[in-house]
Amino acid sequence: MAVLNMVEAIRQTLADEMARDGRILLLGQDIGRNGGVFRATDGLQERFGEDRVVDMPLAEAVIVGASVGLAASGLRPVAELQFLGFGSQAFHQIEGQVARMRFRSQGRYGMPLVIRAPFGGNVRTPELHSDAHEAKYVNSPGLKVAMPASAYDARGLLAEAIRDPDPVLFCEPLRGYRRIKDEVPDADYTVPFGQARLVRDGTDVAVIAWSAAVTVAAEAAAQLAADGISCAVLDLRTLVPLDVRALAEVVARTGRAVVVHEAPMTAGFGAEVIATIQEEAFWSLEAPIGRVTAYDTPYPIASVEEHYLPSIERVKHAIRRVAGEV
Amino acid sequence: MAVLNMVEAIRQTLADEMARDGRILLLGQDIGRNGGVFRATDGLQERFGEDRVVDMPLAEAVIVGASVGLAASGLRPVAELQFLGFGSQAFHQIEGQVARMRFRSQGRYGMPLVIRAPFGGNVRTPELHSDAHEAKYVNSPGLKVAMPASAYDARGLLAEAIRDPDPVLFCEPLRGYRRIKDEVPDADYTVPFGQARLVRDGTDVAVIAWSAAVTVAAEAAAQLAADGISCAVLDLRTLVPLDVRALAEVVARTGRAVVVHEAPMTAGFGAEVIATIQEEAFWSLEAPIGRVTAYDTPYPIASVEEHYLPSIERVKHAIRRVAGEV
Amino acid sequence: MGPATATAREQAAVVPVTRLGPDGVLAPGCDPALSSAEALAAFRLMLLTRTYDERAFSLQRQGRLGTFSPVTGQEASVVGSAWALDPTRDWVVPQYRELPAMLRQGHTLEKVLLYQMGNPVGNRMEEGVNVLPIQISLAAQVPHAVGLAWGLRHQGLDACVITYFGDGASSEGDVHEAMNLAGVRRASVIFFLQNNGFAISTPVAKQTATESFALRAAGYGFPGELVDGNDLFAVYEVTRRAVERARAGEGPTLIESRTYRLGPHNTADDPTRYVDPEELRSWQALDPIVRVRAWLRSEGALDDASEVELQAELDGEVARAVAAAEAFPKVRPGQIFEHVYARPPDRVAAQWESVGEAGSA
Amino acid sequence: MGPATATAREQAAVVPVTRLGPDGVLAPGCDPALSSAEALAAFRLMLLTRTYDERAFSLQRQGRLGTFSPVTGQEASVVGSAWALDPTRDWVVPQYRELPAMLRQGHTLEKVLLYQMGNPVGNRMEEGVNVLPIQISLAAQVPHAVGLAWGLRHQGLDACVITYFGDGASSEGDVHEAMNLAGVRRASVIFFLQNNGFAISTPVAKQTATESFALRAAGYGFPGELVDGNDLFAVYEVTRRAVERARAGEGPTLIESRTYRLGPHNTADDPTRYVDPEELRSWQALDPIVRVRAWLRSEGALDDASEVELQAELDGEVARAVAAAEAFPKVRPGQIFEHVYARPPDRVAAQWESVGEAGSA
Ligand SMILES: Cc1ncc(C[n+]2csc(CCOP(=O)(O)OP(=O)(O)O)c2C)c(N)n1
Ligand SMILES: Cc1ncc(C[n+]2csc(CCOP(=O)(O)OP(=O)(O)O)c2C)c(N)n1
Ligand SMILES: [Mg+2]
Ligand SMILES: [Mg+2]
């Protein structure tokens, strides 16, 4: 058992999976000699060779599109988008091809591939690097979407994603690469998809989040505990599959909920969480479910991003409001 | 006053707007000599010339990307995507460029452009032509999204879209091109954005829809009226801006609601409607809000699309369920 | 095979390689690229395609078949290129107008019809049929072909991949990204661009200003060839050369096959709105089937009697496929969910159970 | 201007056009493309850029500036090309590493710094400064340039547009789609591809297999030129030729400017991980500033004293810009909402009102 940050956990998982399964190959921009701009693949090209860790031309659609062909040939590509924001360049390949190839070919060509993509705020990137686009991919059936919030889950969910016969978009929070650290077992394990993680239990308000927003939610909950508000914090881990039961259960206990995410509010995945809860746990609800999200604006310049993103203060305020305190 | 179908209303609006404003130019695939694959631009090239009605190479990203440059030069491009599904090829230009250019340039380069795109089921298209992708664009701040459900609105909203200084994605229901007909005034008018239309008032259940789903909702409501269930039907008309007040008001009257849309359920715009209602009208709600949507699968082969799309039967059933009857 | 060496302009890829003239006579000094037995087999496939197109058109008009895109006019282009492959190890990555290439690889008319009649299982290639599904999202298949070629070679297989795309599709960014990657990786892939004059109504002159699409290859570091796409022998020869390069590990080739769509874009299209009748007539005179037929007759490989017999055989083949497809069990609503996921999310599984019921989500 | 006529290999676009040698001596038979007064002015801008890069680097290390991408090594490439334009009517559509082209068009160091210090208003070009915002989504600006050129000409303006993009960005589909459209529309646009050897760490040999990017132009029906990007005179001359073609209505030109990124990709990059020190040294010997300086000295347009004076002047210019930018009012949270919409949706307006409050949405 070692304490790793998320980027270390991811790197180790990639190495272990590649050692385990010779069909896995990595492809992406600057992932070889440079080891990835965040060093997620540092040392892997040295270890596995240029044929299995491949620096690609600067073209996201063909990184994804070639992965479709590689998968059809019997391999298990793990593609890296340098940033999720540049997944938009490959959007037609992801939603139109990756997600639909099994269906289109009626099972002949499964797509056991993973698309890794960092995203998320608070690391002062230039424009377009931090945007949380997850909802767009969730609304693209055929794809699974994983959003780990801890190093433990980054490892377990990535191993699961690589082994899953379906294509997975694996979103990695930039903020967590260095700043989220926790214990990661040395032994092999996977975290199954569709099982949310109860980060903390509580009786007053359920706070639901994924990826780096879980840290914000947990911190807000911890601070409010001192004030006598007992919050459950649920980390969804994967948005597709969605752990509908866990949502219903936690809200059944609390009767109140707040969703927190880094994407713009309107048509963000928080809306789906709210819709699902009101479908599954309507009669438990004692107050409107709160949303703490980014605004409905493009991701702003880094100097004001902390005002744009859900902050601990905003989450606490929303919890208090939902709890009926303000 | 004439009875027009939606494609006629759109064609007439394009002609009138082009006559009114010399800065408008149309660009798209097969829109010139062929008059568009659905004849939406029939006769316009003859009338306005090859310089203002431009057949483009088969490349969606540059149809949109060139529109950005055309707008920056002071023109008002109206681009046609042959199908909304192929907007995915231009997704980076739409969400990353069109939607953000005003913001990025801090007001120097507004984007008074319109992207017209047909979509929607029940006209037996090949794969990828019918998909309802609206939620992905709604979650792309900077853009407005219009989804007319009648010929009257097609005309009024398109004129408004063309005159609006912000970029507008204008989604046209394929099913309505020939099959939705209603009265369209000859005189110039616009339909303002962000004002939902109460298609029918009612007291038991509010049915909320947009685009061709409005027809399904209205028919279901009409049939249930005979059975003594009184439904209001609200046509959102534009998703961005969203008429939050109209949603709150109609649900305040009915206490119950059903959302109907052609997109897959999970993270479809129905989720946003539900989230908004529960935020704005929670205390009015007497039952969970129902969703009648497409399934969370890729759009299927045409022979089974009627099972995939919200049908009158499924909408009626959902209304009865929400009304507490089943 | 023992063609005359390419001329300088041919090498510059702006004058098409031509072997078999419109009259069915081989250019002076050229040996036929195919033996007469092989040419007859290729001719059979061309004629089967034409026969199918005609039958399918009438089925479509009767409402027994969905919209489809005929191959008519492009038979030499598709058959000549596919003929250069070894179906047991090579792969075809089609757009949607390459029926005979799919058949040559082992796909069946019955399944094609089944799909066009509305049953998705018709789109499943059987194991051993080395074909990817037809592509509706234009050009999106081109990156797949590169990845496929790369992956096969990565696994030590001596396979090459041909991908088809149109003059219209060639404008999509995917084609550029794929060709560039193929150059870098020296992928064993043949980019077979069928320039049939149109993308729906858009003439190629509005699609691009280049003198020849084949010139694009130099921008990616591999050879480009321009070929008369209505000439079975020339198409076969040029593609064969590309296959040999690929097998030798020399990487990709781009081939522009210059041909013409003699029919409508698809059964919903009205080409009289935009096709110049004179241009159409001039290309009708270059019908690829007429040419091969004339050559086969001049070689004594075909005569009136054997052609009547062949046509009857092909009519029968199409009729049997239609009968079999029509006899296939009707599509079920549940098929909406089949093969979407290998491991469906619970929510999707729940929708699946309810499909067809009014109470469904 | 009276250059020697291009050689055949130059015309084939695989050997760079070169005029001013690394020693600052003009190739035999060449007239200088710029008068010594103009060359001195261009040199001033090159040196300002280098001066700015050095100052900005140290500000960044002090935490007074965000991440930025230096121009170092590419000054001749950017300045020489921009110099061929008329800022009063022509337009620049940049990627992000073309600071001096933006300055030449009228943008200011102060605004550049303001943006890099975190105030978005620094990214607003003033009216009359014919520049589009810098582009982070690589290659997405290239279609904009084509539309802009098209739109200006549509309105009867005799303007041309230059767009910059890197060897890395050139692999994106957007570049292909844009160049193809430009060919079809004969748009007055110059595609200026700065091949500086790298896309972050990816060497150009892994980016493409082509012998020269300039060869891509033939695939779109317009000329391509390859130029020594460290040679101010050659870059100016080749770009000037392209501008003249554009003005004459002859359409686009693609220029590959072969240069080298002497510094890191940006201030967060560690090039020692991937740059070959020997290769770096060989390019340091080709420093574009050294060359022009030598020529200016040989012409008597520059000497020790005037250069010291010039450097002091540039240091002062940069220092004043830094001071002005640092004195600018601090960014406000409300700026998140400014200029998002001309007519914001109610919901966005409501968020705007609440921004900065804990109770905000
Ligand atoms: C990405 C995309 N854009 C638009 C369309 C609509 N569309 C279908 S076929 C076609 C023309 C294709 O032309 P070409 O590639 O030359 O092939 P051809 O039909 O001539 O064989 C168009 C525009 C599509 N299917 N996909
Ligand atoms: C579409 C897109 N993909 C990836 C990136 C990340 N990225 C930023 S700069 C860069 C390299 C750009 O190389 P090049 O175009 O050669 O320009 P240079 O930095 O050498 O001037 C990359 C990959 C991006 N900004 N945009
Ligand atoms: Mg074509
Ligand atoms: Mg570069």
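For residue A:240, the residues whose amide H sits under 5 Å from its own are A:145, ignoring neighbours fewer than 5 places away on the same chain, with H placed 1.01 Å from N. For the residues of C:210-223, the average number of beta carbons from a partner chain within 10 Å of their own beta carbon is 6. Distance distribution P(r), the range D:179-238, all Cα-Cα pairs, bin width 10 angstrom from 0: 19, 45, 33, 3 percent.
Summed over all non-identical Cα pairs, the Kirkwood treatment of the range A:197-322 gives a radius of 14.2 Å.
Placing unit charges on the Cβ atoms only, positive for Lys and Arg and negative for Asp and Glu, gives the protein assembly as shown a dipole magnitude near 780 debye about its Cα centre. Relative to the longest principal axis of the Cα atoms of chain C, the long axis of helix C:288-298 makes an angle of roughly 50 degrees.
Dipole magnitude for chain D: about 700 debye, using +1 per Lys or Arg Cβ and -1 per Asp or Glu Cβ, origin at the Cα centre.
By how many degrees, 0 to 90 and rounded to 10, does the Cα axis of helix C:304-327 deviate from the longest principal axis of chain C? So the inclination is approximately 20 degrees.
Evaluated with a Cβ-only charge set (Lys, Arg +1; Asp, Glu -1), chain B carries a dipole of roughly 380 debye about its Cα centre, given to the nearest 20. Place +1 on the Cβ of every Lys and Arg and -1 on the Cβ of every Asp and Glu in the range C:276-361, take the dipole about the Cα centre, and give the residue among C:339, C:305, C:350 whose Cα lies farthest towards its positive end. Positive-most Cα among the choices belongs to C:350. To the nearest 500 deg cm²/dmol, what mean residue ellipticity at 222 nm is calculated for chain A from DSSP H runs of n ≥ 4 alone, each contributing -39,500 (n - 2.57), summed and divided by the residues? Dividing the helical sum by the residues of chain A leaves -10000 deg cm²/dmol.
Site pair residue A:15 and residue D:317 shows an inter-label distance of 5.0 nm when each label is modelled 7 Å from Cα along Cα→Cβ. FRET efficiency for the residue D:349 to residue B:253 pair, using the beta carbon distance and R₀ = 25 Å, is estimated at 0.45.
For chain C, what does the helix formula give at 222 nm: sum of -39500 (n - 2.57) over DSSP H segments with n ≥ 4, over the residue count, nearest 500 deg cm²/dmol? Theoretical 222 nm ellipticity from helices: -13000 deg cm²/dmol. Working from the Cα coordinates of chain C, the gyration tensor eigenvalues give, after taking √(5λ), semi-axes of 33, 26, 20 Å in decreasing order. Which entries in the list A:181/A:316; B:144/B:181; A:144/A:181; A:136/D:206; B:316/C:330 go over 29 Å, if you measure between the two C-alpha atoms of each? Too far apart for the 29 Å limit: A:136/D:206.
For chain B, modelled as a GNM whose springs connect Cα atoms under 10 angstrom apart, the maximal fluctuation among B:51, B:30, B:131 occurs at B:51.
In order along the range D:273-280, the phi-based Karplus estimate (6.51 cos²θ - 1.76 cosθ + 1.60, θ = phi - 60°) of 3J(HN,Hα) comes to 5, 9, 8, 6, x, 5, 4, 4 Hz; Gly and Pro are listed as x.
Hydrodynamic estimate: the Kirkwood radius of the range A:121-249 over Cα pairs, inserted into Stokes-Einstein at 10 °C and 1.306 mPa s, corresponds to D of 103 µm²/s. Sites listed here are GluC sites (Glu not before Pro) in the range D:223-280 whose DSSP assignment is loop and whose Cβ has at most 14 other Cβ atoms within 10 Å: D:250. Shape class for chain A: prolate, because the ratio a/c of the largest to smallest gyration tensor axis (alpha-carbon atoms, square roots of eigenvalues) is 1.5 or more and a/b beats b/c. Rounded to the nearest 10 degrees, the inclination of helix C:173-185 to the longest alpha-carbon principal axis of chain C is 70 degrees. With both labels modelled 7 Å from their Cα along Cα-to-Cβ, the residue D:326 to residue A:198 distance reads 5.5 nm. For residue A:313 and residue C:54, a Förster radius of 45 Å and the Cβ-Cβ distance give a FRET efficiency of 0.05, rounded to the nearest 0.05.
Among D:227, D:121, D:290, whose mean-square fluctuation peaks in a Gaussian network model of chain D (Cα, cutoff 10 Å)? With Cα springs under 10 Å in chain D, the top fluctuation among D:227, D:121, D:290 is at D:121. The calculated Kirkwood hydrodynamic radius for the protein assembly as shown is 32.3 Å, given to one decimal from all distinct C-alpha pairs. Most fluctuating residue of C:117, C:102, C:46 in a GNM of chain C with Cα springs under 10 Å: which is it? Top of the fluctuation ranking is C:117.
Annotation: amide H of residue B:258 within the under-5 Å range of B:206, B:207, B:208, B:290, sequence separation 5 or more or interchain, hydrogens built in the peptide plane. Computed from backbone phi with θ = phi - 60° and the Karplus coefficients 6.51, -1.76 and 1.60, the 3J(HN,Hα) list for the range D:334-349 is x, 5, 4, 9, 6, 6, 6, 10, 6, 10, x, x, 3, 4, 5, 4 Hz; x is used for glycine and proline. Centroid-to-centroid, using Cα positions, the range C:83-139 and the range B:203-245 are 44 Å apart. For the range A:221-326, GluC sites (Glu not before Pro) meeting the loop criterion (DSSP other than H, G, I, E, B) and having at most 16 other Cβ atoms within 10 Å: A:286, A:325.
Take every DSSP beta bridge whose two residues both sit in the range C:7-330; close to 10 percent of them are antiparallel.
Taking the charge dipole of the range C:7-330 about its Cα centre, with +1 at Lys and Arg Cβ atoms and -1 at Asp and Glu Cβ atoms, the residue from C:288, C:62, C:142 reaching farthest to the positive side is C:142.
Any idea how far apart residue B:46 and residue C:127 come out in nm if each label point goes 7 Å out from Cα toward Cβ? The modelled label-to-label distance comes out at 5.9 nm. If you take every DSSP beta bridge fully contained in the range B:197-322, what fraction is antiparallel? Give it as a percent rounded to 5. Of the beta bridges lying entirely in the range B:197-322, close to 20 percent run antiparallel.
Residues whose amide H comes within less than 5 Å of that of residue A:263, counting only those at least five positions distant or on another chain, are A:294 (H built at 1.01 Å from N in the peptide plane).
For the range B:11-114, which GluC sites (Glu not before Pro) pass both filters: DSSP loop (anything but H, G, I, E, B) and at most 11 other C-beta atoms within 10 Å? Sparse-neighbourhood loop GluC sites (Glu not before Pro): none present.
The percentage of C-alpha pairs in the range B:2-184 whose separation is greater than 30 Å is 10%. Within the protein assembly as shown, antiparallel bridges make up roughly 20 percent of the DSSP beta bridges whose residues both belong there.
Rule-based calculations on the coordinates, nothing more; no lab input. Every value quoted in this text rests on a predicted model; they were computed, and no experiment measured them. Quick reminder, even Gly has a Cβ in these numbers, built from the backbone with ideal geometry, and neighbours come from all protein chains shown.
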